[in-house]
2 protein chains.
Amino acid sequence: MKQVNVGLIGFGTVGKGVAKALLSKKKDLRERSGVSINLVKIADKDLRPRKGVRVPKRLLTRKVDSVIKDRSIDIVVELIGGFHPAKEIILKSLTLGKHVVTANKALLAKHGKEIFTVASRFRARIGFEASVGGGIPIINALRRGFVSNDIELIYGILNGTSNFILSRMSEEGCTFKRALKEAQAKGIAEKNPKLDIDGTDSSHKLAILALLGFGLNIKLNDIYVEGIEDLDPMDIQYARDWGYEVKLLAIAKKIGNELDLRVHPTLISSSRILASVKDENNAIFIKGDMIGESLLYGKGAGSLPTASSVVSDITEIAKNVGDFKKERSAFRLGFNSGVKKVRKINDLTTGYYIRFAAIDRPGVLSGVSNVLAKNKISIATVAQKERKKGQPVPIVMLTHDANEGRMNKALAKINRLPFITKKIVKIRIER
Amino acid sequence: MKQVNVGLIGFGTVGKGVAKALLSKKKDLRERSGVSINLVKIADKDLRPRKGVRVPKRLLTRKVDSVIKDRSIDIVVELIGGFHPAKEIILKSLTLGKHVVTANKALLAKHGKEIFTVASRFRARIGFEASVGGGIPIINALRRGFVSNDIELIYGILNGTSNFILSRMSEEGCTFKRALKEAQAKGIAEKNPKLDIDGTDSSHKLAILALLGFGLNIKLNDIYVEGIEDLDPMDIQYARDWGYEVKLLAIAKKIGNELDLRVHPTLISSSRILASVKDENNAIFIKGDMIGESLLYGKGAGSLPTASSVVSDITEIAKNVGDFKKERSAFRLGFNSGVKKVRKINDLTTGYYIRFAAIDRPGVLSGVSNVLAKNKISIATVAQKERKKGQPVPIVMLTHDANEGRMNKALAKINRLPFITKKIVKIRIER
């Protein structure tokens, strides 16, 4: 039977799950793949035993190089995350003829092109199923299952922390701060949750999906990103009243030869299946010319779900180790979709949820709607919410599709109207 | 560049979609796979042109043998459906060293073992992504993405016709007959919808999923099957009142070394994502020890979604044509899960929705609950629905988990009580 040797770099949360699976499920994996997959080395700065997994001491090393340079190792699994030395580890492994499996979305989002090019040159495979959507087999679905499709759009709920917070805010009406605390207490949010809640993490994953689905190599700065930190539970409740849920959506949408690419809180109809994605779960909704609408749902993070995807990459590569040399190129990343560039956010056309706080007096609504009308923004629904004596009244509205640039111009103007008392809230709608 | 030749047998709804994709997307598929995939023959009894796809006349033939015996053809795509001559076509193609792609769930459910064994012996691949869930990449997810998981349970909404009918009955409160008519008018249900609505089609797909997920080769007769033909819209509405939707679920659940395997209308909580699967859409919910809970959703039928899966199988096989000979075995179907046999339906433990129609007089509820208590069935909720003078009163209840055998015994006894006027309705609940 074919023997394939694996070296693991990074023995943290995911690394632990991978080690556990490779060691405890060796026999199952052998039966299912026809290959004997041997975990032969684990490199980490911290060599203390980990709870829940028993690793033979001889596997452990502090020296990353002793993994990369081990000629018996066929597959290097990079699970330390971050840019350095993760990038160097991956590039060095590839140039030494090893295949690589990684969960490093930030690195692939930023340096994917370089890494994939090197992999291709050295006829090495790089597996990254775990980089987007944890245990959800979305990369494989995009690269294989949907290979005959022209992808029209991708909506992703790609960050479990944010989705958990939004679920709490929606179901319990609590504030962002309180929901974040609950998430931290449950181990769903990190101590420093910045990259999760400000949309950065979602934008990394979106860059990878956009590369696969549309063949466009994205500069991260080209993705418009808004996080959920400033969301008021009031808006989530008002949205609910109108039959919408607020989700942090990562959106990639083909419009002619441009790609509309953005991450922001979004109102979506409660009747859509995406609106049912709750708690720390992730989901990716895809529209293709053949499949129509499809969705993949599951745990987007965590030790075992992410390890499940890492091990599936390892197994797929292991089955084919030794067969790759003859391939013209191991990488045909990205469907050629005719997309040439990222669409400017000001060119966006979408519906909006708007909330004003105004002093309660005659002429407020006519003043606001006048400015909107002049900017060709038409109101679909408007409601004045409960008055409290002496307090400004919240006025909420949904607009028909409008242009983002015009909307921003209109809102700036409205903000200067004398009876408007606070910063205006604007949340985009996907219909 | 590698050239791979494909012969298509069956030029119906799906065949048309496959031909269209292979012909019109040839360049895209070549770029994405690195292989030139050539459709060289199409066999069908009816050679008239098909709407929406232009096929060069020289490709068309009435002779199936001229496809199977064509030595230039690497992959035979069987899309005629049914048992004969589909089985003979597939077996003959495999023994002649060709790889096979099929969407034939009935055939695989009944003769899968024989077909997979022949494929393995002749080192041929057999792709069947399209046999379950149309455009949903569930087969690939089970075989590759979730390879490291011990599957605990699979819930499938596997029949679009039934799901469409149930959605209409739930949302509009209409009868089964009326909903079926609407489905037929929309081309969602066939003229003869028997196999779709009586659960047979779902049971075929369940057999395939059970083989992959649990390694158990199923006899179709071992699957307990109930269809949706007898559902009363009243029950769907009462279930809704209690926060449940009624879905035709195909269930495979591991209990020790037995597999609980059944297809029947099922109450599931409206807050579950499966309950959001509406209209003719399909979904498969999977629980594994590593991924936790996962779901794949999409179009379960139709020309293009199904063709999308067929073409993805063709493309995957095409990439590897010529590399298979050295494999010890091309097939490692089915995860060894320790499951030995199908669990008897009378051993089932589950919750139940029960509706009685009773003459409205004192002692009815005590009479019924007495019989239930004697059979160790405990009531969770009970409601007496609106009375109409002179009419029997519907009494509906949800039970806690109870044993199916005891439940049937109790219901038989209750049915003989003097104040019970109609056949009792029993629908199982999955919590």
Against the definition (buried (at least 18 other Cβ atoms within 10 Å of the Cβ) and among the basic types (Lys, Arg)), how does B:Lys191 come out, yes or no? no
Just one of the numbered conditions (1) assigned to a helix (DSSP H, G or I); (2) of a type in the set (S, T, N, Q); (3) assigned by TED's automatic domain parsing to the domain that holds A:Gly288; (4) crowded, with 23+ Cβ neighbours inside 10 Å is not true of A:Asn149; which one? (1)
Return the total of residues in the stretch A:342-367 being at pLDDT 95 or above and not polar (S, T, N, Q). 11
Does any residue of the stretch B:147-155 turn out to be of a type in the set (Phe, Trp, Tyr), within 14 Å of chain A (Cβ to nearest Cβ) and either closer than 26 Å to A:Asn149 by Cα or out of contact with any Leu (no Cβ under 7 Å at 6 or more places or on another chain) (or both)? no
Spot the failing condition for A:Lys423; the list is (1) outside any strand (DSSP E or B); (2) modelled with pLDDT of 95 or more; (3) surrounded by fewer than 20 Cβ atoms within 10 Å (Cβ to Cβ), and only one is missed. (2)
Suppose we keep only residues that are away from every other protein chain (no Cβ under 12 Å) and not polar (S, T, N, Q) within the stretch A:20-40. Which one would you say is nearest to B:Ser148 (Cα to Cα)? A:Leu39
Filter the stretch B:278-298 down to residues that are within 7 Å of chain A (Cβ to nearest Cβ) and part of a loop (DSSP other than H, G, I, E, B) and give me whichever is surrounded by the fewest Cβ atoms within 10 Å (Cβ to Cβ). B:Met290
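This table checks each residue for (1) within 24 Å of B:Arg262 (Cα to Cα); (2) out of contact with any Asp or Glu (no Cβ under 9 Å at 6 or more places or on another chain).
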| residue | (1), (2) |
| --- | --- |
| B:Tyr352 | yes, no |
| B:Asn370 | no, yes |
| B:Lys376 | yes, yes |
| B:Val382 | no, yes |
| B:Gln391 | no, no |
| B:Ile395 | no, yes |
| B:Pro418 | no, yes |
| B:Ile424 | yes, yes |
| B:Glu430 | yes, yes |
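To keep it simple, each residue is scored yes or no on (1) in contact (Cβ under 8 Å) with a residue 60 or more places away in the chain; (2) touching a Cys at 6+ places or on another chain (Cβ under 7 Å); (3) buried (at least 24 other Cβ atoms within 10 Å of the Cβ).
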| residue | (1), (2), (3) |
| --- | --- |
| A:Arg125 | yes, no, no |
| A:Ile136 | yes, no, yes |
| A:Gln184 | no, no, no |
| A:His204 | yes, no, yes |
Which ones in the stretch A:364-400 are in a helix (DSSP H, G or I) and under 20 Å from A:Trp242 (Cβ atoms)? A:Leu365, A:Val368, A:Ser369, A:Leu372
Sort through A:Leu304, A:Leu267 and tell me the only one that's more than 10 Å from chain B (Cβ to nearest Cβ), at pLDDT 95 or above and touching a strand residue (DSSP E or B) at 6+ places or on another chain (Cβ under 9 Å). A:Leu267
Residue within the stretch B:99-119 that is away from chain A (no Cβ under 14 Å), at pLDDT below 95 and in a loop (DSSP other than H, G, I, E, B) present: no
Being among the small types (Gly, Ala, Ser) and within 21 Å of B:Ser312 (Cβ to Cβ) is the filter here, so list the residues in the stretch B:23-76 that pass it. B:Ser24, B:Ser33, B:Gly34, B:Ser36, B:Gly52
Condition met for B:Gly215 (in contact with a Gly (Cβ under 6 Å, 6 or more places away or on another chain) and crowded, with 22+ Cβ neighbours inside 10 Å): no
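Out of B:Val77, B:Val14, report the one residue that is in contact with a strand residue (DSSP E or B) (Cβ under 6 Å, 6 or more places away or on another chain) and of a type outside the set (Phe, Trp, Tyr).
After applying the criteria, what remains is B:Val77.
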Sole exception among (1) more than 9 Å from chain B (Cβ to nearest Cβ); (2) more than 27 Å from the chain's Cα centre (by Cα); (3) under 12 Å from A:Ile314 (Cβ atoms) for A:Leu8, by number: (2)
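The values are calculated or read from the model by the stated rules, or taken from the named source; none is laboratory data. All of these numbers come straight from a predicted model, not from anything done at the bench. We place every Cβ from the backbone using ideal geometry, glycine too, and count neighbours over all the protein chains shown.
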